[in-house]
1. Among the residues of segment 122-145, write down those that are of a type in the set (Ser, Thr, Tyr) and within 25 Å of ASP107 (Cα to Cα).
2. Out of segment 155-192, which residues are among the β-branched types (Val, Ile, Thr) and part of a helix (DSSP H, G or I)?
3. Take the residues in segment 64-76 that are part of a helix (DSSP H, G or I) and out of contact with any helix residue (DSSP H, G or I) (no Cβ under 6 Å at 6 or more places or on another chain), then tell me which one is farthest from ALA15 (Cα to Cα).
4. Which residues, taken from segment 195-210, are over 15 Å from the mean Cα position of the chain (by Cα) and either among the β-branched types (Val, Ile, Thr) or within 29 Å of GLU41 (Cα to Cα) (or both)?
5. If you go through segment 140-155 one residue at a time, how many are touching a helix residue (DSSP H, G or I) at 6+ places or on another chain (Cβ under 7 Å), of a type in the set (Gly, Ala, Ser) and loosely packed, with under 15 Cβ neighbours inside 10 Å?
6. Being at pLDDT below 90 and of a type in the set (A, V, I, L, M) is the filter here; which residues of segment 25-41 pass it?
7. Within segment 94-131, work out how many residues are more than 18 Å from ILE53 (Cα to Cα) and open to solvent by less than 60 Å² (accessible area, probe 1.4 Å).
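The values are calculated or read from the model by the stated rules, or taken from the named source; none is laboratory data. The model shown is predicted, which means the values in this text are computed figures rather than measured ones. Note that each Cβ is placed from the backbone with ideal geometry, even for glycine, and that neighbours are counted across all protein chains shown. For accessibility, only protein heavy atoms count, side chains too; no ligands or nucleic acids. Shrake-Rupley method; radii C 1.70, N 1.55, O 1.52, S 1.80 Å.
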Amino acid sequence: MEDLGRSWSLLSWVASCVMVFGGMVPYIPQYLEIQRTSNTEGFSTRVCLVLLIANILRIFFWIGKQFELTLLMQSVVMIATMLAMLQLCCNVQGTNRVATKQHHFTDLDLRYFWSWSRFEDYLLFCFVFMVFCAFVTFLFLDSTLFVESLGSLALLFEAMLGLPQLLQNFQNRSTRGMSVKMVLLWMAGDIFKTTYFIMNESPVQFWVCGLVQILVDVAILLQVLYYDPETRGKL
């Protein structure tokens, strides 16, 4: 029984590590693809927007309702990963940009929201959003309805993770430049974490979010099969 308990503890520890760091793995192939081609057109940076909002909201949800520490650490790692992706995209776009007017967060021009010229603008957006969330959260921290709504909102955004990529593929009528490995790893991770949520009896919002993400992953892979015969053969 003691050996069984140790084995279960080790398995639980490994699963926790996968949960914390596994979310960043799908973006490694896409990061390398952008570096190799010096082209960001196939990757929707709005994926980063969705994940940044989702994980910032999740951190404040944790303040109101202390769920597994593993999921809190996962949010910190994902925020760092998304910022790294944005920094690479800004560097590549800055190198390829012709002499046109630059756009900044401080312009407050909604036409160019999330299409800013400098990485610092994305950092400023994150800072302002976190300050706003902190103010509202500590104002209504004693409200159970607010805390639960915050958690649901965080997971709703996370469930929409693949939607910007799905829409960009539809707009481009192509999945070229998008890493198929990234989407396959999204799906593997979503299946793993949904199982993890169910087995660990996490709040219902978590596993419902996971199921929605799996459906979006499937839709993106169907786009690969439909739009790009060459990629379809590789897949």
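1. Across segment 122-145, the qualifying residue is only TYR122.
2. VAL180, VAL183, ILE191
3. So, considering only residues that are part of a helix (DSSP H, G or I) and out of contact with any helix residue (DSSP H, G or I) (no Cβ under 6 Å at 6 or more places or on another chain), the one farthest from ALA15 (Cα to Cα) is VAL76.
4. Answer for segment 195-210, where residues must be over 15 Å from the mean Cα position of the chain (by Cα) and either among the β-branched types (Val, Ile, Thr) or within 29 Å of GLU41 (Cα to Cα) (or both): THR195, ILE198, VAL204, VAL208.
5. Residues in segment 140-155 being touching a helix residue (DSSP H, G or I) at 6+ places or on another chain (Cβ under 7 Å), of a type in the set (Gly, Ala, Ser) and loosely packed, with under 15 Cβ neighbours inside 10 Å: 0 in total.
6. Answer for segment 25-41, where residues must be at pLDDT below 90 and of a type in the set (A, V, I, L, M): just VAL25.
7. Of the residues in segment 94-131, 5 are more than 18 Å from ILE53 (Cα to Cα) and open to solvent by less than 60 Å² (accessible area, probe 1.4 Å).
For every residue, the table says whether it meets (1) farther than 19 Å from ILE53 by Cα; (2) β-branched (Val, Ile, Thr); (3) outside the structural domain of LEU72 (by the TED database).
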position	(1), (2), (3)
THR137	no, yes, no
LEU155	no, no, yes
GLU158	no, no, yes
PRO164	no, no, yes
ILE198	yes, yes, yes
GLN213	no, no, yes
